[in-house]
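Okay, so here's the structure we're looking at.
None of the figures in this text is laboratory data; all of them are computed from the coordinates on show. Here the structure is a predicted model, which means the values were calculated and not measured. Using ideal geometry, Cβ is built from the backbone for each residue, glycine included, and neighbour counts are taken over all protein chains shown.
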Amino acid sequence: MKQLAELKNINKKYGKKKVLYDVSLNIKEKQVIAILGENGSGKSTFLRIAAGIERPDSGKILYAFKNMRTGYVPERFPKYLRFTPDEYLHYIGKINGIPEAILEQRISLLLRRFQLDKWSNRRINELSKGNIQKVGIIQAILQQPELLILDEPLSGLDISAQQELLSIISELKEQKTTVLLTYHEASIFEGIVDQTYYIRDGRLAEEMLTEKQGMKLIETKGFIDSDVEEWKEVLYSEKREDRLLLYVSSKNSNQILMRVLKSGGSIESVNSTDVNN
Amino acid sequence: MKDLIQYSLHDYVRSHKYFPPISTFFVLILVFYTYKPNPIIDSYAITALFLFVISTWLCLSVLSLDSPVQRQLMILHLGSSYRYYLAKLLTVALIAALLTVFAFLYPIIFNMFSDSVSPAVGFISFVNHLLLAVLGIGVAGFFSKVMMESAINAYGGLVLTIILSIAALGIENILPASFKYIVWLLPPATITQRQLIQWKGESLSGISYLPFLWIMIYAGVILLLFLILAKRRR
């Protein structure tokens, strides 16, 4: 996998408060990377630096190529915009140099996918929080970015918009987009994340799976997926007549359950099991 | 660039923030030409000074249109903070140019002058309006939200600078000889006034262009400095 960007020894402080300490990260092409951490841990600052919006105090950011298309969804998308979603997205598209005909198609498709088409003629400052967030997401993906950065993108989104975002991210990943995102609680993203990092007190650490973690045995039915062995969260799978048994670590069980359901399968049972069994 | 200027103009119109500075400018011009006839060169010299002040106001309001997050997003989409701020400054310059046309044509259309405006006087007066508008934009950039987080400091600093710039000639007269050069640091808003008042307006060769050149250099330098510093403050 090609490297898209490299952040080397990034340090940042606001006034006297140091937010990031020597943070380094290699961002590879076609990956979904999650940055998790508590409030105030430095996640958003790190994302803004990765997007090139904010400058680090020291450290280097190396991009694989010049003028990389970067999409960024801020934690709080501006709510006082005086344009309609349609007008605003047209301006964003034109500023990005997207030809008018393509832009028109893309905007109408994305507005429909996020069910914003019926609101497309209302001003953004009159929309609900969730709909404003959808505009924020569309402006970031409109230009089909090579690097997409999402800071708490689920905030305010309803379930169908969350599913839409998930499917768009999967599509973008197929088209070689790398996604860097943060989220707070266990979410639907867990199923598509390739790598997870934690930021604690401004320091970055890769998630480690320990053998002591419990396991779950998920019994599924009506679920046929030849790629199941490639699901990295599935530690072991076994076919028994019309059922498929999946052994997964407890922490990944929710995302596997969702993935099974999304693939059209049903869950017969979920049981705790011991790693030595 | 063109799209961002269009975006900024559209946003400015929707915000209604244009109303206070532009209506003030119209009122100033209308009140100034209440009585007629008026001397051509002197009148244009004064309305150019009005435009200097109004341009600073316009610039502050245009630069405060985008929230910090929106500004970051726009810079990301443009791929350059330099282009973003340049587009904003050009937006103000465009509005100021329209006000220049109004200030120039209004007294001619409504016969407010004692005589007809010769091409030489018209040209110099028009250029003087444009130069002072650009100077106002440059000065305001330094006191905008981009450079100063505190609104009190920004407005206070700007008003003081405007007052000092307009009073520069008087200040120069009362300063001891060794301190007179300090006045050169102030924005040269009134530097062309003396030239214009002394000029008879017969031909373009009868006036010194150095004051005009100095405004150009001063405005150019502060605008460039603004663009460099604004980029660093990202």
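Some notes on this structure:
- Going from the fewest other Cβ atoms within 10 Å to the most, the residues B:THR24, B:THR192 appear in the order B:THR24, B:THR192.
- Taking 15 Å as the straight-line reach from the Cα of A:LYS216, the aspartates and glutamates in range (excluding those fewer than 8 positions away in the same chain) are A:GLU233, A:GLU238, A:GLU268, A:ASP274.
- Max mean-square fluctuation residue, GNM over chain A, Cα-Cα springs under 10 Å, options A:LYS134, A:LYS251, A:LYS43: A:LYS251
- Across chain A, Cα pairs under 8 Å and at least six residues apart give a relative contact order of 21 percent.
- In plain terms, the residue of B:PHE179, A:PHE77, B:PHE113 with the fewest other Cβ atoms within 10 Å comes first and the most crowded comes last, giving B:PHE179, B:PHE113, A:PHE77.
- Most mobile listed residue (B:ALA87, B:ALA219, B:ALA96) in chain B, GNM with C-alpha springs under 10 Å: B:ALA87
- Inter-chain neighbour count for B:158-165: the average number of beta-carbon atoms from partner chains within 10 Å of each residue's beta-carbon is 0.
- Orientation-averaged projected area, Cα convex hull of chain B (nm²): 13.9 nm²
- Highest-fluctuation residue, A:LYS94, A:LYS232, A:LYS66 considered, GNM on chain A with Cα pairs under 10 Å: A:LYS66
- Per-residue Karplus couplings for region B:205-219, computed as 6.51 cos²θ - 1.76 cosθ + 1.60 with θ equal to phi - 60°, are listed in order as 7, x, 10, 7, 8, 4, x, 5, 5, 5, 4, 4, 5, 4, 5 Hz, Gly and Pro entered as x.
- Along each principal axis, Cα extent of chain A, largest first, Å: 58, 47, 33
- Entry note, chain B: the mean residue ellipticity at 222 nm calculated from DSSP H runs of n ≥ 4, each adding -39500 (n - 2.57), is -24500 deg cm²/dmol after division by the residues and rounding to the nearest 500.
- Both radii are taken from the alpha-carbon atoms of region B:123-234; with Rh as the Kirkwood radius, Rg/Rh is 1.02.
- Couplings 3J(HN,Hα) for region A:131-140, derived from phi with the Karplus relation 6.51 cos²θ - 1.76 cosθ + 1.60 (θ = phi - 60°), are 5, 5, 4, 5, 4, x, 6, 5, 4, 7 Hz, where x marks Gly and Pro.
- 14 Å beta-carbon shell around B:TYR7, net charge (K/R +1, D/E -1): +2
- Helix axis angle, A:85-95 relative to chain A longest principal axis, alpha carbon, degrees: 80 degrees
- Dipole of region B:95-227 [Lys/Arg +1, Asp/Glu -1 at C-beta], most positive-end residue of B:LEU105, B:SER205, B:MET147: B:MET147
- Sorting A:ILE159, B:ILE54, A:ILE168 by the number of Cβ atoms found within 10 Å of their own Cβ, with the fewest placed first, yields A:ILE159, A:ILE168, B:ILE54.
- Over 25 Å between alpha carbons, listed pairs A:LYS94/A:LYS176; B:LYS2/B:LYS231; B:LYS145/B:LYS231; A:LYS129/A:LYS176; A:LYS16/A:LYS43; B:LYS145/B:LYS180: A:LYS129/A:LYS176; B:LYS145/B:LYS180
- Across region B:1-103, the relative contact order, built from alpha-carbon pairs under 8 Å that are at least six residues apart, equals 46 percent.
- As a length-normalised measure over Cα pairs under 8 Å and 6 or more apart, the relative contact order of region B:88-234 settles at 28 percent.
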